[in-house]
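Read the figures in this text as sums done on the coordinates, not as results from a lab. For clarity, every value in this text was computed on a predicted model and none was experimentally measured. So basically every Cβ, Gly included, is an ideal-geometry build from the backbone, and we count neighbours across all protein chains shown.
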Amino acid sequence: MFLNRTTDGRNNICGTVVAKLRKELHISQRELADRLKSDGLEIDKNAVQRIESGQRFVTDIELIYISRLLNVSINDLLGIK
């Protein structure tokens, strides 16, 4: 049976990386959401919080916006070397 969660029950792989990179930039979840909105992605602070905590799935479109904003590759967000 296929499960669409990580082995530790998270709904995404990138959330912990997003949180780490956001903290390295010294910005809040609200500021990250605001910056993503400015770039054209409709997202709010609560969605960012749920992404980082692994409670929310992340679309491919969101991955593109997040990777551009954080200046990393999508592979970096997904932990692919």
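Among rounded, prolate and oblate, which fits the stretch 15-78 when a ≥ b ≥ c are the square roots of the eigenvalues of its C-alpha gyration tensor, a/c under 1.5 means rounded, and a/b larger than b/c means prolate? Working shown, then result.
On the way: a/c = 1.09, a/b = 1.07, b/c = 1.02.
Rounded, because the longest to shortest axis ratio a/c is under 1.5.
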Total charge of the residues flanking Asn71 in space, meaning their Cβ is under 13 Å from its Cβ, with Lys and Arg +1 and Asp and Glu -1, is 0
The lysines whose Cα lies under 19 Å from the Cα of Lys81, excluding any fewer than 8 residues away in the same chain, are Lys20
Mean separation of Cα contacts under 8 Å (at least 6 apart) over the residue count of the stretch 15-78, i.e. the relative contact order in percent, is 35
